[in-house]
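Shown next, in structure tokens, is the structure this report addresses.
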Amino acid sequence: MNAKNGTRGEALVSVVDDDSLMRSSTRRLLRSAGFRAEAFASAEDFLRSGLAEETACLILDLRMPGMNGLQLQKRLAESSNPVPIIFLSAHSSANEERQALQAGAVEFLQKPANKNVLLLAIRNALKAPPDK
């Protein structure tokens, strides 16, 4: 089975967040729920990792130094391999949320997100076919 289209134990969920505590706690939560999870401190680190193609769901912070979440979303949408994105942000405007959702994000959650809400959003994102 293709890891990108797999289910919980096989699907890779990547976390991109410049907050190290949020990054590590989200990764730990995902692993405890049975997901394969990797975490990256920046959009650039994620792109350099070589795991973008394998990522089945992306948990993405909005505001980060360098490339921000909306810029990474746009770049991934333009690729031949789009990935479902769940934004997780402590600071966002209604316009930024609307922009992310209109560009195809499957969910936009505020930090700190309820762990059950986040896990449900991930499960739903893994079931949904990606936009092409």
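The values are calculated or read from the model by the stated rules, or taken from the named source; none is laboratory data. Everything numeric in this text was worked out from a predicted model, so none of it was measured. With ideal geometry, Cβ positions are generated from the backbone for all residues, glycine too; neighbour counts draw on all protein chains shown. What goes into the accessible areas is simple: the full protein's heavy atoms, side chains included, and nothing from ligands, DNA or RNA. Shrake-Rupley method; radii C 1.70, N 1.55, O 1.52, S 1.80 Å.
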Considering only the stretch 114-128, state which residues are under 15 Å from the mean Cα position of the chain (by Cα) and either assigned to a loop (DSSP other than H, G, I, E, B) or touching a residue at least 40 places away in the same chain (Cβ under 8 Å) (or both).
-> LYS115, LEU118, LEU119, ILE122, ARG123, ALA125, LEU126, ALA128
When restricted to ALA103, ALA37, ALA43, ALA11, the only residue open to solvent by 40 Å² or more (accessible area, probe 1.4 Å), of a type outside the set (Phe, Trp, Tyr), under 19 Å from ALA125 (Cβ atoms) and touching a helix residue (DSSP H, G or I) at 6+ places or on another chain (Cβ under 6 Å) is ALA103
Is it the case that GLN73 is of a type outside the set (Ser, Thr, Tyr), touching a strand residue (DSSP E or B) at 6+ places or on another chain (Cβ under 8 Å) and open to solvent by less than 50 Å² (accessible area, probe 1.4 Å)?
-> yes
Selection from the stretch 46-69 of residues aliphatic (A, V, I, L, M) and open to solvent by 30 Å² or more (accessible area, probe 1.4 Å) yields LEU47, LEU51, MET67
May I ask you to list the residues in the stretch 99-113 that are outside any helix (DSSP H, G or I), under 12 Å from GLY69 (Cα atoms) and among the aliphatic types (A, V, I, L, M)?
-> ALA103, ALA105
